[in-house]
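In what follows, a structure is listed as structure tokens, so that the remarks can point back to it.
The values are calculated or read from the model by the stated rules, or taken from the named source; none is laboratory data. Because the structure is a prediction, the values reported are computed rather than measured. No Cβ is skipped: glycine too gets one built from the backbone with ideal geometry, and neighbour counts run over all protein chains shown. Heavy atoms of the whole protein, side chains included, go into the accessibility calculation; ligands, DNA and RNA do not. Shrake-Rupley method; radii C 1.70, N 1.55, O 1.52, S 1.80 Å.
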Amino acid sequence: MKQLTRTLIGGLLAGTTGLLLAACSDSGDQGQAEQTEAKPTVTVYSARAEHLIQPIFERYTEETGVKVRFITDSAGALIQRLKAEGSNTPADLLLTVDAGNLWQASQEGLFQPVESEVLERNIPDHLQADNNDWFGLSVRARTIVYSTERVDPSELSTYEALADDQWQGRLCLRTAKKVYNQSLVATMINTLGEETTEEIVSGWVNNLATAPHSNDTSAMEAVLAGQCDVTLVNTYYFGRLQKDNPEVKLAIFWPNQDGRGVHVNVSGAGLTKHAKQPEAAQALLEWLSSPEAQEQFAEANQEYPANGSVEPSDFVAAWGDFKADSVNVESAGRLQSDAIKLMDRAGYR
């Protein structure tokens, strides 16, 4: 749902004050005021929630003097808005969640490539677009969460094994209409092939205890209520539940540790094709990949930093280390359409 456009009224007032001061000062002061006024304002369209990005943008303004104006909305709405605005868009950066959405924006021609040694150094290749249209800024793992009251973790092993008969009537899933499981299935197609992946997804459907849930939190609540025993969620959803209730009777299991590893995805950003402040926008994007910003960016949502030199927060690190799937997350977008069709054929709604 569209949220209030935040224009940093304080920044505008400061700019007005700067103009008045420049008009009344001597030539030296005027030069300083003009230098201050020369700082650009970067406009960001963000599918990441306001409370997660506002503190980071405020910190950037404090450090650099560059103001950041942003609006938040769903990824789909922001992509459609960028298409409709065309060259008239005020957006310099598009920040969104899931590589599938970033890939779609790239396919729509909404980005321009960024050549940056800083970004290449800070962000691993498998967490960025091959054509440099976008770069991951935080990593979220989509993993198994189980009831600590009814499941022995030795019963768990892989995503594929959740299709086995032993989980019949014990599995809950989020709806197939949302991008997160679409991306998981897309990367499975990339690695396992379409036929094998369809057999697995059909097995999941056969094992469902309830109709698919609207979101990850609802699926975990179903496990807590005893409607099912295991589910698949992004780790930060588990983190939110655990923050509210440290004694929650759920735990994380890292699947596929003897194989391809845990499915990971990203939130990330790219420079828009018609950016009015491309140099300032690239500077902000590079800063967001830096160690000082990565720590805050990831911790705000209990995610993992995309910059491999930065450790996760103590809260996230307590979930334990895991081997992540190193497949380029771009495949989540490239194979998204195939994944949706496969899930539909398997009866996963």
> How do the helices (runs of 4 or more DSSP H) wholly within the range 232-349 filter down when requiring 1 or more residues that are open to solvent by 40 Å² or more (accessible area, probe 1.4 Å), under 21 Å from Val44 (Cβ atoms) and of a type outside the set (Gly, Ala, Ser): which remain?
Replying inline: 278-288, 291-299
> Can you name the residue in the range 156-185 that is under 18 Å from Val223 (Cα atoms) and of a type in the set (Ser, Thr, Tyr) and is also surrounded by the fewest Cβ atoms within 10 Å (Cβ to Cβ) among such residues?
Replying inline: Thr175
> Can you tell which of Gln336, Gln296 is out of contact with any strand residue (DSSP E or B) (no Cβ under 6 Å at 6 or more places or on another chain), closer than 30 Å to Leu208 by Cβ and at pLDDT below 95?
Replying inline: Gln336
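For every residue, the table says whether it meets (1) farther than 28 Å from Gln80 by Cβ; (2) under 19 Å from the mean Cα position of the chain (by Cα); (3) among the β-branched types (Val, Ile, Thr).
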| position | (1), (2), (3) |
| --- | --- |
| Gly109 | no, no, no |
| Gln112 | no, no, no |
| Glu117 | yes, no, no |
| Pro124 | yes, yes, no |
| Asn132 | no, yes, no |
| Ile144 | yes, yes, yes |
> Is it fair to say Asn206 is open to solvent by 50 Å² or more (accessible area, probe 1.4 Å) and either under 30 Å from Ser74 (Cα atoms) or in a helix (DSSP H, G or I) (or both)?
Replying inline: yes
> What is the number of the single condition among (1) without any contact (Cβ under 8 Å) to a residue 40 or more places away in the chain; (2) within 18 Å of Glu149 (Cα to Cα) that Glu195 does not meet?
Replying inline: (2)
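With the structure loaded, tell me whether Gly136 is modelled with pLDDT under 95 and surrounded by 14 or more Cβ atoms within 10 Å (Cβ to Cβ) or whether it fails that test.
No.
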> Can you tell me which residue in the range 91-133 is most open to solvent (accessible area, probe 1.4 Å), limited to those that are hydrophobic (A, V, I, L, M, F, W, C) and in a helix (DSSP H, G or I)?
Replying inline: Trp103
>> Under 6 Å between Cβ atoms, which residue pairs at least 6 apart in sequence (or on different chains) link something in the range 198-224 that is over 11 Å from Cys172 (Cα atoms) with a partner that is among the acidic types (Asp, Glu) and open to solvent by 10 Å² or more (accessible area, probe 1.4 Å)?
In response: Ile200/Glu160
> Scanning the range 209-231 for residues that are of a type in the set (Val, Ile, Thr) and in a helix (DSSP H, G or I), which turns out most open to solvent (accessible area, probe 1.4 Å)?
Replying inline: Thr217
> So how many residues does the range 156-170 have that are in a loop (DSSP other than H, G, I, E, B) and at negative phi?
Replying inline: 7
> Within the set of pairs 6+ apart or on separate chains, which have a first residue in the range 305-326 that is at negative phi, a second that is acidic (Asp, Glu) and modelled with pLDDT under 95, and C-beta atoms under 7 Å apart?
Replying inline: Pro305/Glu295; Val310/Glu295; Ser313/Glu299
> How many residues does the range 139-155 contain that are outside any loop (DSSP other than H, G, I, E, B) and either open to solvent by less than 40 Å² (accessible area, probe 1.4 Å) or hydrophobic (A, V, I, L, M, F, W, C) (or both)?
Replying inline: 9
> For Ser46, which of the numbered conditions (1) touching a helix residue (DSSP H, G or I) at 6+ places or on another chain (Cβ under 6 Å); (2) modelled with pLDDT under 95 fails to hold?
Replying inline: (2)
> In the range 308-322, is there at least one residue being over 27 Å from Ser157 (Cα atoms), charged (D, E, K, R) and in contact with a strand residue (DSSP E or B) (Cβ under 9 Å, 6 or more places away or on another chain)?
Replying inline: no
> Could you say which residue among Thr187, Thr197, Thr191 is in a helix (DSSP H, G or I), in contact with a Lys or Arg (Cβ under 7 Å, 6 or more places away or on another chain) and polar (S, T, N, Q)?
Replying inline: Thr191
